[in-house]
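Here is the structure we will look at.
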Amino acid sequence: MRIPTAPTVDFLNISLRQLERTDVKAWYAYLSNSEVTQHTSWNLRAEEDLFPMFDEIDSTQPSSIRRLAIINQASGDLIGTIGFHSISEANRSAEIAYDLAPAYWGKGIASAVCSSVTQWAFTEYGFIRVQGTVLETNRGSAKVLVKCGFQYEGKLRSFRMVRGRPGNFEMYAILNTD
């Protein structure tokens, strides 16, 4: 589903826009880094593995994933992505997902973008609940969610396959009334 207007981010030199197929090379460049993927369920072997996601982004179905590019305005470079999957129109909920190139870790970017996009989802799409699941070893991502007001709800055992093995994930969520 094409995103109508990307939210603004109140963070220096960071902007959001629709993720485009032309971003694949830059996106894959950091997603192919084991430091990035070690605490996620990404299992990419080539840039082409990302293309099916764009078919989903281009869909007009209400449950289609939505993904934004995180842009360093000074350089114009894609430095990360953020968006929603597992969207339920009936339950007015979605799961947030994000990634960021390692050179930008620890600078507050993920928290600023996650907070802006979550609030935008409540107003733009009318979600009641936004949840985030993180591999139990991904302490950095868990900290981002907590900093953005998400509450820990529990452990999901063997929730998703992580490069051929079942992985335990932690569930966090925020409601539009929080």
List pairs: first residue in segment 29-43 and on the phi < 0 side of the Ramachandran plot and assigned to a helix (DSSP H, G or I), second residue surrounded by 17 or more Cβ atoms within 10 Å (Cβ to Cβ) and hydroxyl-bearing (Ser, Thr, Tyr) anywhere in the structure, Cβ distance under 7 angstrom, at least six positions apart or on different chains.
LEU31/THR37; VAL36/TYR30
Under the condition of being loosely packed, with under 13 Cβ neighbours inside 10 Å and of a type in the set (A, V, I, L, M), which residue from segment 88-127 is farthest from PHE159 (Cα to Cα)?
ALA103
Quick one: in segment 147-171, which of the residues that are under 20 Å from SER111 (Cα atoms) and of a type outside the set (Asp, Glu) is surrounded by the most Cβ atoms within 10 Å (Cβ to Cβ)?
PHE150
Output the number of residues of segment 115-134 satisfying the condition of being β-branched (Val, Ile, Thr), farther than 11 Å from PRO7 by Cα and not in a loop (DSSP other than H, G, I, E, B).
3
Quick check: is even one residue across segment 58-78 of a type in the set (A, V, I, L, M) and closer than 23 Å to LEU175 by Cα?
yes
So if I check each of GLY154, GLY80, GLY140, which one is among the small types (Gly, Ala, Ser) and over 22 Å from GLN38 (Cβ atoms)?
GLY154
Got at least one residue in segment 1-20 being over 15 Å from the mean Cα position of the chain (by Cα), assigned to a helix (DSSP H, G or I) and either within 16 Å of TYR104 (Cα to Cα) or without any contact (Cβ under 8 Å) to a residue 40 or more places away in the chain (or both)?
no
Please state which one of LEU135, LEU156 is more than 22 Å from TRP120 (Cβ to Cβ), among the hydrophobic types (A, V, I, L, M, F, W, C), in contact with a Phe, Trp or Tyr (Cβ under 9 Å, 6 or more places away or on another chain) and without any contact (Cβ under 8 Å) to a residue 24 or more places away in the chain.
LEU156
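Laboratory data are not the source of any read-out in this text; all were calculated from the coordinates shown. Note that the coordinates shown come from a computational prediction; the quantities given were computed from them, not determined experimentally. Glycine gets a Cβ as well: all are built from the backbone with ideal geometry, and neighbour counts include every protein chain shown.
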